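Trainee: Take a look at this one; I'll ask things after.
The values are calculated or read from the model by the stated rules, or taken from the named source; none is laboratory data. Source: prediction; values computed, not measured. Glycine gets a Cβ as well: all are built from the backbone with ideal geometry, and neighbour counts include every protein chain shown.
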Amino acid sequence: MIEGTEVLIVDDSPDILDVLGEFLRLHGCLVHEARTGKEALKILSEEKVEAVIADVKLPDTNGISLLEGIKSLDPTIPVIMITGYFEPNLIVDSMRKGASDFILKPIEFERLILALFRAKRERELLLEKMRIQDFLDDKKKILFLNRELQEKIKEISLMYQISEKFNTIKLEEDIFEKVLEVVGEIFEGRSCAYYVVDSKEKKIVPFKTRGTREIWRSITVPEATLDDLLSKKRHMEMENLFFVPVVIKGECVGFIGMEGKRKNGKLEEGELLLLKTIAEKSSVHIENRMLYESLFQNIIQTLKSLVISINRRDAYTSGHCERVTKNSVRVGEILGVSDYEKNILKVTGSVHDVGKIGIPDAILLKPGRLTEEEYRIMKNHSVYGEEIISRFEILANEAKIVKHHHERFDGRGYPDGLLSDEIPLCSRIIAVCDAYDAMVTERPYRRALSREEALSEIKRCRGTQFDPQVVDAFMEMMDEC
Ligand SMILES: [Fe+2]
């Protein structure tokens, strides 16, 4: 029952120590002996004592103080108190302070064994309970850490998604629409809008919106709040909407607005951080886009001034580029081209003949028909145009369109003799609009054709010189006028 138990006996009587010690050793216990409280505590701090049997009267202390000392050292060690007198107050006090049992002298050994066994068992149960408690505490900690880790992983993965989405925005895409698309995807379809600031009216006005909520309307902001927002670039919360500023070069240029959670209209801290991240990324991309567009416009202006200088030399072509551009964009629309292609048509319509700058005046301005050799030189203008435009890396596609604007659908055009679909669609559109405008313009060597004559010529060349689908769209456009 109690074999192997390490027991400390504390008593100032050598007889009791001898008898008790001998008895317990006979029952297989490992016995330590102490005559004073001090000795007892020393042994307890050095040995693996599993139970203490202590007299309530000791030379240096009383049993209650020793009990308190033992429990403060290790609250799991059971203490069995022994006394020569029945003292109810002492018994109650000892039990309240954690004594396991109380045995009167003379000691009944059988009772002592039972008390020791019970105390030992209680200690085992207590230790087991503490181990389980520690395990549960650890498990709770692990669960908590796991949850935190999951949150972090989710946050990192969302941050990565945001970067990825911004990195894949193409030049031809509307940056503001893309910003809202990112917000919509990250926040699972919540309504959002990009707002610009109307400082004069003290309003923020939606510029692009996503979602169907009628809540996306101009919002009047108190003057002090607006000034505060613009100067401190903080986010603001109005009703259940959240606005995060988009800051470029220290200036607040707009806000991304988003509704809070549908349940409670709030925004969690993590969500606000994500929205701010999107606003920061948007700032960089909007700034880049503004720089790009200003550079792009500069280049187009430069090319247009080249075209103007050609037009000055060749007065008959004045207004030609504007008409070709207008018609090409409309034909493109009828054919359902993308916004990107429409922009290409706007640029190439204006500058498709920029290569004529490389054609000598004697040929370009010749009042009569060109000789074969002169025509061969004249044909170089599409390649010259490509060479000029391709110097600007951002106009690589436009350069290709200009190069092929004299290709024929049947493959007999120039410079490369491309056939049907090999010719870029925008080049096929420019080809028809360019030819029509040339026909209705008077030249020194021939009169201008009438609208009907030119249209019937275009129809005649449907499928040979021109793409039939482009011709059909062109006719549809002419019907509109
Ligand atoms: Fe041309």
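Trainee: Which one is farthest from the ligand (Cβ to nearest atom) among residues in region 369-416 that are touching an Asp or Glu at 6+ places or on another chain (Cβ under 9 Å) and of a type in the set (Lys, Arg)?
Mentor: Ranking the qualifying residues of region 369-416, first place goes to 400.
Trainee: Output the qualifying pairs, or none if there are none: Cβ atoms under 6 angstrom, residues six or more apart or on different chains, first residue in region 205-218 and more than 14 Å from residue 243 (Cβ to Cβ) and modelled with pLDDT of 70 or more, second residue in a loop (DSSP other than H, G, I, E, B) and not aliphatic (A, V, I, L, M).
Mentor: Cβ pairs passing all conditions: 211/191.
Trainee: Let me ask something else about it. Output the qualifying pairs, or none if there are none: Cβ atoms under 6 angstrom, residues six or more apart or on different chains, first residue in region 380-409 and farther than 16 Å from residue 424 by Cα and in contact (Cβ under 8 Å) with a residue 12 or more places away in the chain, second residue of a type outside the set (Asp, Glu) and away from the ligand (no atom under 13 Å from the Cβ).
Mentor: Cβ pairs passing all conditions: 389/395; 389/399; 392/299.
Trainee: If you don't mind, there's one more thing I want to ask. Kindly indicate whether residue 329 is away from the ligand (no atom under 13 Å from the Cβ) and either over 20 Å from residue 439 (Cα atoms) or modelled with pLDDT of 90 or more (or both).
Mentor: yes
Trainee: Scan (1) surrounded by fewer than 16 Cβ atoms within 10 Å (Cβ to Cβ); (2) within 13 Å of the ligand (Cβ to nearest atom); (3) assigned to a helix (DSSP H, G or I) for the single condition residue 434 breaks and write down its number.
Mentor: For residue 434, the exception is condition (1).
Trainee: Being in contact with a Leu (Cβ under 6 Å, 6 or more places away or on another chain), within 16 Å of the ligand (Cβ to nearest atom) and of a type outside the set (Lys, Arg) is the requirement here; does residue 347 meet it?
Mentor: Considered against the rule, which asks whether it is in contact with a Leu (Cβ under 6 Å, 6 or more places away or on another chain), within 16 Å of the ligand (Cβ to nearest atom) and of a type outside the set (Lys, Arg), residue 347 comes out as no.
Trainee: Right, another one. Would you point out which residue out of 43, 80 is touching a strand residue (DSSP E or B) at 6+ places or on another chain (Cβ under 7 Å) and part of a helix (DSSP H, G or I)?
Mentor: Of 43, 80, the one residue that is touching a strand residue (DSSP E or B) at 6+ places or on another chain (Cβ under 7 Å) and part of a helix (DSSP H, G or I) is 43.
Trainee: From 456, 382, grab the single residue that is assigned by TED's automatic domain parsing to the domain that holds residue 358, under 56 Å from the mean Cα position of the chain (by Cα) and assigned to a helix (DSSP H, G or I).
Mentor: 382
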